[in-house]
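The values are calculated or read from the model by the stated rules, or taken from the named source; none is laboratory data. This structure is a prediction, so every number in the text was calculated from the model and none was measured. Counting neighbours? That spans all protein chains shown, and the Cβs are built from the backbone with ideal geometry, glycine included. Heavy atoms of the whole protein, side chains included, go into the accessibility calculation; ligands, DNA and RNA do not. Shrake-Rupley method; radii C 1.70, N 1.55, O 1.52, S 1.80 Å.
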Amino acid sequence: MTESSFVSLMNTTQTEQTRLKLGKLKVARQRLLQRYEHQPFVSCLAGLYGCQWRRYQLTHAQPGHFCCSKLECGSFALIVLTFCLSLVFLYFWFPWSIVLLILAVFLFTYVAVLLLLAVCLLSEGRRLYLHWCHKIGISVTLILSIVATSVLTDLWSKEWMTVLLSFQVTAPYLHIGGVVLMTLLSWPIAFQLFRINMRVRRMTITVLYITVLLTLYLVPLGMYSPCIKERSSLGSAPALIGHRGAPMLAPENTYMSFKKALSAGADGLETDVTISYDGVPFLMHDKNLGRTTNVKDIFPNWTRTSPAMFTWRELQRLNAGSWFFSQDPFGTASSLSPDERLQAQNQTVCTLRDFLDLAAQHGKLVIFDLYRPPWGHPYRDAWISRTLDVIHNESSIHSSQVLWLPPGLREFVQEIDPELQQTTAEQAPAEDLQLRHISRLNIHYSSMSEKEIRKYAAANISTNLYVISEPWLYSLAWCAGAHSVITNAVHILRNLQRPLFLMTPDEYRLMWILTDIISLILVMIIFVFHWWRERGLALSAESSSVLENQTYRQFRTEVNDVWSLSNMSDSDEQEPSL
């Protein structure tokens, strides 16, 4: 072989090697660019979750290792626990406290977003790192939820039943949501599961996930919701009794408030009766006149005095409507027209006689609490007979329209006027109530039970629930078979054509089974996919000493690394010409 031929062969070989090297560099640069294009999404997730906004801070979980450290596992568990407690806190539906409701929504949303970010990062195979600011935020949220729940339990222990009732009425949808959530979690769980070398840890995670998933699949077998029933078994809508009239549309316990309730379609009216010092029964709920009148302007030294210690002439001097616009208890005062505002601002204390005459004029039922006057009052021992005197001799109402609620001297009242509908708050056995001629129960909605309502209905005893103003709670009372409810929102509940959340057992069974089947199929597909993927990666790793993709390698490449590859390739392309 001549020298020129040898040089030509060497040049050809060098050229082929250079081309091969350039090809590898181009492939590496293409892969690097593809991974860099994916970085903004992951950087955003890590930035929001752990304030890791720089790319070199993002790290993959190492092969065979768990997704995060023990500390970060504890942080993730804390997020899950806080999510559950904030959800319970959110279920305290307080219509009288918008501040609590807004706070509960904010806290729940904050924790839910962090939980979603954590799941997304796990799905990307990233190690979790919760920034200390979020750790403080989660801890504060957890403590606040626990403290608020404890305080609310002490102040309003009955409201725990509101939480249970709301879970009860939304149970079918919570079940579906739980199945969907566990199905979505199958992706990050399967992603991490097949990367863990420790068999015990892998089995623990698998058993725990399958147990929770199967439990959710079978929950409907023991679940009860009154609104899952045949439409043919659904009774008529409960009658609506205006609580102190229509307190959302006018000042409570005023003549205007009761007229508003009747205009909205109320079937009855509810109020509270006190007897003045000179024997005039009038409408007043509170133990003093400070909240609903201008007593501090007219009688500044009597602001804490019992309303029963005022004479009727003194009570007539008070304004019982102007407070409605300064306090705006339901946030609805602005909805009144100018004429209605003028009318509301000039309301006075209403007498029992006017209240009864208004109900009689429209043929409506009435129910009222009767407060016994304090010691030293002239009518301390005659409060029952004085009230009956107004019903029989001073008003035009018929006794059958009165749901007699005062428990005092009930046998005496029954003997004098047997046409009064005897009503009690005592949930005694039906046989005992029948012996006492009780025809209606008046109980708090937290005591609502479809079984109990049916039991009393079988004994011809109706059930009245108080105070229900939310459509979902009214729907639950409707499904449970309640006969009437006392409400602040007659104008809202009257427009409800059917109960919310109502579905037949067949409809829910179909929804339940389809959801479980689809979820099971998706979970199996996801687990098989990740098993196949990891098996393929393992076989590839055995056949090559270097894994080019570097899937689990810490990603520290900067943008200039890409250009260095470009410069390297450009310089190599120039080598053959030298």
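Details
- You can think of it this way: the chain between LEU218 and ARG380 has 52.3 nm of extra reach, that is 0.36 nm per residue less the Cα-Cα gap.
- Among the listed pairs LYS296/LYS364; LYS259/LYS287; LYS229/LYS455; LYS364/LYS455, those beyond 29 Å (Cα-Cα): LYS296/LYS364
- Only Cα pairs under 8 Å and 6+ residues apart enter the sum, and on that basis the relative contact order of segment 158-246 stands at 43 percent.
- Based on Cα contacts under 8 Å between residues 6+ apart, segment 206-288 shows a relative contact order of 20 percent.
- Once all protein chains are placed together, ILE136 keeps about 90 Å² accessible to a 1.4 angstrom probe.
- For segment 352-422, averaging the sequence separation of C-alpha pairs within contact (under 8 Å, six or more residues apart) and dividing by the residue count gives a relative contact order of 37 percent.
- Rounded if a/c under 1.5, otherwise prolate or oblate - segment 135-233, Cα gyration tensor axes: oblate
- Of the trypsin sites (Lys or Arg not before Pro) in segment 265-298, the ones in a loop by DSSP (not H, G, I, E or B) with at most 15 other beta carbons within 10 Å are LYS287, ARG291.
- Shape call, segment 261-348: gyration tensor on alpha carbons, a/c limit 1.5: oblate
- Summed side-chain charge close to LEU262 - residues other than LEU262 whose Cβ falls under 12 Å, Lys, Arg +1, Asp, Glu -1: +3
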